[in-house]
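Bear in mind these aren't lab numbers, they're just calculated from the coordinates by the rules spelled out. Just so it is clear, the structure is predicted and the values come from calculations on it, not from any experiment. Please note: Cβ atoms are built from the backbone with ideal geometry, for glycine as well, and neighbour counts cover all protein chains shown.
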Amino acid sequence: MTRALSAYIRPEIENTPFCPGCGHGTLMGTILRAIDDLGLDMDDMLFVSGIGCAGWISSPHFNADTLHTLHGRAIAFATGAKLVNPALKVMVIGGDGDLTSIGGNHLIHAARRDIDLTVVCANNMIYGMTGGQAASTTPLGCFSATTPAGNPYRPFDLCKLLDGAGARYVARFAITQPVELRESIKKALKIKGFTFVEAISPCPTQFGRRNQLDQASDMIHYLQQHCIPKETATGNEEPDMIITGEFVGA
Ligand code: SF4
């Protein structure tokens, strides 16, 4: 980081609320390093989040203006803020349950309207903070609080969804790929219009312990073994493999 930590994190913050092994701390650091690399001024930015563990990444930690809003409604609030003050660099940070399940309609229509927002979706494949329920991203067959016999539904491929909705930049990387993830967030922030970065972020507490990935290290190993760069993917991968890369606007 080129600037002091206090330029990014509120001085009164001593700890994060994240569980041991949660990926959200890594994602928080990656977002701030991307902002630092670009030399953006936090005073020119607004961070908007909804409800869920990922909603805590920007609020209360970031030393900037933040809006911590209703469950699923972060993009609606961000759209309003951007319309009122177009000079703001507006970033939405939230989880998959918040942004793509409860707030899925806001997400696709903000992309369709090309609202000038950067959305970072921390996808942990489950509702974390609200109790471990299945989300629209929970893989087929995986266990959650609401799918004790295994999830019978296919998950969204968020990057394909946002591609179809017209986003100008779409990428997916896991927090086990911090360099690629950081560069991706930088690229998203530099593009005018709607940009979307999916960050696969492990949740050992709600997802891992129900899916034989009890230890924090188990989830890290899982991501390392299941992420495949799109350049080497054949299209015949098993459904549990995670294709990573830049899908639109590379
Ligand atoms: S419940 Fe899951 S997503 Fe939430 S802080 Fe704990 S590990 Fe992270």
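Structure summary
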read-out	value
Residue match in the range 15-24 (condition: buried (at least 17 other Cβ atoms within 10 Å of the Cβ) and within 26 Å of Asp163 (Cβ to Cβ))	yes
Filtered residues of the range 96-137 (kept if surrounded by 20 or more Cβ atoms within 10 Å (Cβ to Cβ), within 16 Å of the ligand (Cβ to nearest atom), outside any helix (DSSP H, G or I) and without any contact (Cβ under 8 Å) to a residue 60 or more places away in the chain)	Ala134, Ala135, Thr137
Any hit, the range 65-74, residues being crowded, with 24+ Cβ neighbours inside 10 Å, within 12 Å of the ligand (Cβ to nearest atom) and not in a loop (DSSP other than H, G, I, E, B)	no
Test for Thr195: is it touching a residue at least 40 places away in the same chain (Cβ under 8 Å), of a type in the set (Val, Ile, Thr) and crowded, with 24+ Cβ neighbours inside 10 Å	yes
Lone unmet requirement of (1) within 16 Å of the ligand (Cβ to nearest atom); (2) assigned to a helix (DSSP H, G or I) for Asp43	(1)
Hey, Glu180 within 16 Å of the ligand (Cβ to nearest atom), in contact (Cβ under 8 Å) with a residue 12 or more places away in the chain and either more than 30 Å from Gly150 (Cβ to Cβ) or in contact with a Lys or Arg (Cβ under 6 Å, 6 or more places away or on another chain) (or both) or not	no
Check on Ala174, closer than 11 Å to Thr244 by Cα and within 16 Å of the ligand (Cβ to nearest atom)	yes
Residue count for the range 95-121, restricted to those that are closer than 20 Å to Gly166 by Cα and within 14 Å of the chain's Cα centre (by Cα)	12
Failed item, numbered, when Leu213 is tested on (1) within 19 Å of Leu117 (Cβ to Cβ); (2) aliphatic (A, V, I, L, M); (3) part of a loop (DSSP other than H, G, I, E, B)	(1)
